[in-house]
């Protein structure tokens, strides 16, 4: 999930496409404990992460999409590795 270019909307990106709806990242993150905030404008579902590259600060998904995680969220991203051992580290 990431902030949409359209004000007050969020873009949900899935394996098969994307959808835009009215909400905000903080509200969705608070309501869904399993999602992890990786930057001010992006939260991810750890079950859908393929790999993490700490040198490039990127998270890669099975469909090849990548998001950049913020330095301030590095601890959140590192914690994912202990909870989700299937995530590859580059």
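Every read-out reported here was derived from the displayed coordinates using simple, explicitly stated rules and does not represent laboratory data. Keep in mind that this is a model prediction, so the values were computed, not measured. With ideal geometry, Cβ positions are generated from the backbone for all residues, glycine too; neighbour counts draw on all protein chains shown.
Structure above, values below:
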quantity	calculated
Those residues of region 44-59 which are touching a residue at least 24 places away in the same chain (Cβ under 8 Å), crowded, with 17+ Cβ neighbours inside 10 Å and within 17 Å of residue 15 (Cβ to Cβ), in sequence order	44, 46, 49
Number of the exception - residue 10 against (1) within 16 Å of residue 88 (Cβ to Cβ); (2) within 14 Å of the chain's Cα centre (by Cα); (3) not in a helix (DSSP H, G or I)	(1)
Residue that is surrounded by the most Cβ atoms within 10 Å (Cβ to Cβ) [pool: residues in region 9-32 that are more than 20 Å from residue 72 (Cβ to Cβ) and touching a residue at least 24 places away in the same chain (Cβ under 8 Å)]	13
Any hit, region 64-83, residues being free of Cβ contacts under 8 Å to residues at least 40 places away in the same chain, in contact with a helix residue (DSSP H, G or I) (Cβ under 7 Å, 6 or more places away or on another chain), surrounded by 10 or more Cβ atoms within 10 Å (Cβ to Cβ) and in a strand (DSSP E or B)	no
Residue 35 being crowded, with 16+ Cβ neighbours inside 10 Å, more than 22 Å from residue 89 (Cβ to Cβ) and in contact with a helix residue (DSSP H, G or I) (Cβ under 8 Å, 6 or more places away or on another chain)	no
Number of the exception - residue 29 against (1) in contact with a strand residue (DSSP E or B) (Cβ under 6 Å, 6 or more places away or on another chain); (2) part of a helix (DSSP H, G or I); (3) over 18 Å from residue 3 (Cα atoms)	(3)
Residue ID - nearest to residue 5 (Cα to Cα), chosen from residues in region 45-63 that are outside any loop (DSSP other than H, G, I, E, B) and touching a helix residue (DSSP H, G or I) at 6+ places or on another chain (Cβ under 9 Å)	59
